[in-house]
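These notes concern the structure reproduced below.
Every number in this text was worked out from the coordinates using simple rules, so none of it is lab data. Please read all numbers here as calculations on a predicted model, not as lab measurements. For neighbour counting, all protein chains shown are included, and Cβ atoms are generated from backbone atoms with ideal geometry for every residue, glycine included.
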Amino acid sequence: MARLLIFAETRAGCITRLSLEVLSRCREIARERRGSTIAAAIVSDNPPAYFEELARYGAEEVFAVTDTVFASPPRTPQGAPLTAALAGIIEQAVPDVVVLPSGETVKEILGALAVRISAPALPDVSSFNVLDGVVEAQRPVFTAGFIAHVRAKGAPVLVSLRAGSYAASENPAPSPLRVRNVPFAFDAKVSGKTLRKVVTAASGGIDLSEASVVVAAGRGVRNKKGKRLIEELAALLGAAIGASRGAIETGLFPPSSLIGQTGKTVSPDVYIAIGISGALQHVAGMSGSRTVIAINKDADAPVFRHATYGIAGDLYEVLPAFIEALKQKGSMVNSV
Ligand SMILES: Cc1cc2nc3c(=O)[nH]c(=O)nc-3n(C[C@H](O)[C@H](O)[C@H](O)COP(=O)(O)OP(=O)(O)OC[C@H]3O[C@@H](n4cnc5c(N)ncnc54)[C@H](O)[C@@H]3O)c2cc1C
């Protein structure tokens, strides 16, 4: 039996897909360990907007912090108030395990939260289980070249889960949600930090870390013509645009679209790597993709080792044909 608490992160009025993956995994664990409970932590200026979705994915109880400091877009740095809000929720919920989505927000606060509540933390794991009060997990390390087997015991243990590790699925038999409001007060002046500007990443208007289709450009996309082909393909597929370090160095793609060890981690259903060699540092950020399509003119490029489907050819010849075929089968595009 385990009391599981998940942090349901929200973005632009939605619970993030990664948070729903976390919730779905906790439901599997609760099914295997009779008597386990699943609660969700929600921190927002309007928590009730998310209750129905939380129940649909398996939460039985929700601990809610309501404060305008968490309004979107933020007007103050979120790290300190979020850490304080989650610490307050954990104090009330008294969970055995707290599972958080390992996105950029959680990467920023996990260490501070662990110190604040004196809890052990297993960051950025790709799988985990709870056995007799012990959390056992696997963690990709050294740019995912090795898998570390780690375990922790504590009250609670903090675990952050990588995107794409488990599928998000709805609970066929949702239970009524019990709601607990957790008191919260935060003085933005004492944080000592000021938010000067919120910059929205330009990735075809779609959030890269949440996208179900990603079109990623590499150094092989060497000019504006190539960039236009990438944009046209992404628009047809409703995809977000990502890039390798090589593509960013050309100046054609913004640094915010970097995927990899030093960039974003993505886990789409379909990842299309175009003119990308497949360096380990890049693969570290996309290895959670379900289907990988690689287009590269070098048939021996390492990227093909990670591809479900490979096209050995010049992108300037392959992409126009690919785009034309998609246009002709317009109705199929919607079902990708
Ligand atoms: C500490 C560290 C951290 C790093 N972090 C990251 C990271 O987070 N993300 C990242 O991406 N990289 C990262 N890198 C850099 C990484 O090692 C690679 O250098 C980089 O990923 C290469 O980008 P690329 O594949 O686009 O370019 P290249 O390696 O130059 O490959 C270009 C590919 O395009 C193909 N090509 C060329 N022309 C065409 C054409 N017309 N049609 C089809 N194919 C074509 C070529 O055959 C080649 O395979 C990091 C490196 C270090 C040292």
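Summarising the strand pairing of the chain, around 25 percent of its internal DSSP beta bridges are antiparallel. In a shell of Cβ-Cβ distance under 15 Å around residue 288, excluding residue 288 itself, what net charge do Lys and Arg (+1) and Asp and Glu (-1) give? Net local charge, residue 288 excluded: +2. As I understand it, the value is the acute angle between the Cα axis of helix 315-328 and the longest principal axis of the Cα atoms of the chain; what does it come to in degrees, rounded to 10? So the inclination is approximately 70 degrees. Centroid-to-centroid, using Cα positions, the range 207-224 and the range 15-56 are 31 Å apart. The fewest-to-most ranking of 222, 75 by surrounding Cβ atoms within 10 Å reads 75, 222.
By count of other Cβ within 10 Å, fewest leading, how are 309, 50, 57, 316 ordered?
On the way: 309 12, 50 21, 57 24, 316 16.
With the sparsest Cβ surroundings first, the list reads 309, 316, 50, 57.
Peptide packing: for 169-176, 211-218, the average count of neighbouring Cβ atoms within 10 Å per residue gives the ranking 211-218, 169-176, highest mean first.
Once the Cα atoms are used to define both axes, helix 79-93 deviates from the longest principal axis of the chain by about 50 degrees.
Spin-label model, residue 280 to residue 225: label points 7 Å out along the Cα-to-beta-carbon direction sit 3.7 nm apart.
Summing +1 for each Lys or Arg and -1 for each Asp or Glu, what net charge is found among the other residues whose Cβ lies under 12 Å from the Cβ of residue 184? Mind showing how you got there, number by number?
On the way: positive: none; negative: 45, 67, 91, 187.
Within the 12 Å Cβ shell, the charges total -4.
With 27 Å as the limit on Cα-Cα distance, the pairs of 197/224; 227/264; 227/327 that go past it are 197/224.
Length gain on complete extension for the stretch residue 143 to residue 212, per 0.36 nm per residue less the alpha carbon to alpha carbon distance?
Values: separation 69, 0.36 × 69 = 24.84 nm, distance 2.27 nm.
Result: 22.6 nm gained on full extension.
Each label was represented as a point 7 Å from its Cα along the Cα-to-Cβ direction; for residue 197 and residue 92 these points are 3.8 nm apart.
For residue 67 and residue 177, what does the FRET efficiency come to when R0 = 22 Å and r is the distance between their Cβ atoms, rounded to the nearest 0.05? Present the calculation step by step, with values, prior to reporting the outcome.
Details: r = 21 Å, r/R0 = 0.93.
E between residue 67 and residue 177, to the nearest 0.05, is 0.60.
Principal-axis analysis of the Cα atoms of the chain puts helix 17-32 at an angle of about 60° to the longest axis.
Run the numbers for residue 155 and residue 1: contour at 0.36 nm per residue of separation, minus the present Cα-Cα distance, in nm.
Between residue 155 and residue 1, full extension yields an extra 54.1 nm.
What Kirkwood radius, in Å to one decimal, follows from the Cα pairs of the range 215-277? One decimal place: 11.4 Å for the Kirkwood radius. Could you work out the local net charge near residue 103, counting Lys and Arg as +1, Asp and Glu as -1, over the other residues with Cβ closer than 15 Å to its Cβ? Net charge around residue 103: -2. Determine, from the Cβ-Cβ distance of residue 314 and residue 256 and an R0 of 41 Å, the FRET efficiency 1/(1 + (r/R0)^6), rounded to the nearest 0.05. Efficiency for this residue pair is about 0.90. The share of Cα pairs per 10 Å bin across the chain, counted from zero up to the longest distance, runs 6, 25, 30, 23, 13, 3 percent.
Considering only alpha-carbon pairs that sit under 8 angstrom and 6 or more positions apart, the relative contact order computed for the chain is 14 percent. Stretched out straight at 0.36 nm per residue, the stretch from residue 34 to residue 168 would grow longer than its current Cα-Cα span by 46.1 nm.
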